[in-house]
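Computed from the coordinates by the stated procedures, all read-outs in this text should not be read as laboratory data. None of the values given here were measured: they were computed from a predicted structure. Quick reminder, even Gly has a Cβ in these numbers, built from the backbone with ideal geometry, and neighbours come from all protein chains shown.
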Amino acid sequence: MKGIQLHENLHQFIRHIESIKDTYPMTLLLLNPYQKRTNQKMVKFMEDNVEEIEDEDGEKMFAIKFEQHRLYESLSKNAEISSLAIKTIPESLFVALISQYDAFFNRLLRALFELQPEYLNNSERTINFSQLVEFTSIEDAREYVIEKEVETVLRKSHTAHFEYLETKLSMPLRKNLPVWQKFIEITERRNLFVHCDGIVSSQYIKVCKENKCKIGEIKVNDTQSVPLEYFNESYECLYEIATKLTHTLWRKLIKSDLKSADGKLNEICYDLMSSKQYKLADIMLEFSCAQTKHFDDAISNIFTVNKALSQYLQKNKKKAKEIINAKDWSASSDDFKLAHLALTDDFEGCFLLMKKMGSDGEVDKENYMTWPLFTELRQKEEFKTIFKELFGEEYTVLEIPERPIQELIAERIKDNPKLKEKTVSKKKPKTKAKAELSKEEE
């Protein structure tokens, strides 16, 4: 069996958590001004209609006219609801992230038993005679055992999930996995929101301390929340855990499918760079390069080039050069030589090699137009001249659609150019953009 089932499971998970990740800032753009308006209405009503009085004992009280009472209740209700929405919706989206991971793990276990049916031999699931006679085939009985085995595993903690896999696979999965502590903390925080309304329990503290999670001076009965930065870190953590787990199992269980595994892992890294998720890209490229075996030298070279490219795109050109220059590319094919030249800013060398390769070389027209590798090269006039010579047409910028949240922020900036000026002055543009957009909505 090939690893396509593993890939499809991971792909489904990634797309789901990406959709949830983009939803959070979108809701903030709507919820923040909504809360501000409801609070402003409440404050104005209080200023116009509430009178401070004293009772017989000199205690201060607030009074409103009887005919204003229903309006007061309505405004008070709206203010309370908007305040609760700011709290509840981020928590719900956070819980949804973990739920998607649990669904991913469920499907991963099922794929594991399909790939290695012998793993069921040690299962403690039993079938009594009355159940057995209801099955029409051995396959039905096997499916029943798988279902019960998976249910039993999923009822356990996330730590126990990994212990289960480590036993089945006879290999460590948490070694050299620094994100493990973060993973345990976010899954335990999810339990707080589901069962305790976010109030810290002794169980949360106990599990976090056992796994050496960084939770600071938090105490029982403190309240946890889900700030945007924490939410994004949780998304990155789950993305990393799921991807590394999938590809570790893929390489362990289907050694003959290494070509496909390498190809799909490269697609993930490329997609992360294309969407400018450089932190995750760096993590996954480090993971890719560190594999003890690749299908061939070509894919190994691709991982190295992309590892350098991620640094290059982040304007860390010194680090990019260190990575790309650590290998001798003189005996490599022309596409890798071109990559080396581009990543070391040898543009003249790039132009000479482009002419040498011609229009039917190892780098085609689409590659020149879309690869992030040529981002700076495409800005040179000589590139456009050579492109026309090679392909007989003018070079045109190929617009890559942005994610919905990026389009939404861009539209708001277009409507109010002042937002762009304020955004550019900040060290963290995206955060500032969201903050300013919220103010504008208010």
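Quick one: grab the alpha carbon gyration tensor of the stretch 308-356, order the square roots of its eigenvalues as a ≥ b ≥ c, and give me rounded if a/c is under 1.5, else prolate or oblate depending on whether a/b is larger than b/c. Numbers along the way, then the final one.
Values: a/c = 2.53, a/b = 1.49, b/c = 1.70.
The shape class here is oblate.
Taking 1.002 mPa s as the viscosity and 20 °C as the temperature, the Stokes-Einstein diffusion coefficient of the stretch 328-387 based on its alpha-carbon Kirkwood radius rounds to 187 µm²/s. For the stretch 1-108, the number of Lys pairs separated by eight or more positions or lying on different chains, with C-alpha atoms closer than 20 Å, is 10. Computed from backbone phi with θ = phi - 60° and the Karplus coefficients 6.51, -1.76 and 1.60, the 3J(HN,Hα) list for the stretch 94-101 is 5, 4, 4, 4, 5, 4, 5, 5 Hz; x is used for glycine and proline. The order of the peptides 322-331, 21-30, 192-201 by mean Cβ neighbours within 10 Å, most packed first, is 21-30, 192-201, 322-331.
For the stretch 248-371, the dipole from Cβ point charges (+1 on Lys and Arg, -1 on Asp and Glu) about the Cα centre works out to 520 debye, to the nearest 20. A Förster radius of 25 Å combined with the Cβ-Cβ distance from residue 84 to residue 233 puts the calculated FRET efficiency at roughly 0.55. Packing order of peptides 44-53, 172-181, highest average first: 172-181, 44-53 (average count of other Cβ atoms within 10 Å over each peptide's residues). Inter-part distance, the stretch 330-345 to the stretch 16-86, computed on C-alpha centroids, equals 62 Å. Among 395, 239, the ranking by other beta carbons within 10 Å of each residue's beta carbon, starting with the fewest, stands as 395, 239. Each of 66, 13, 113 has some number of other Cβ atoms within 10 Å of its Cβ, and from fewest to most they run 66, 113, 13.
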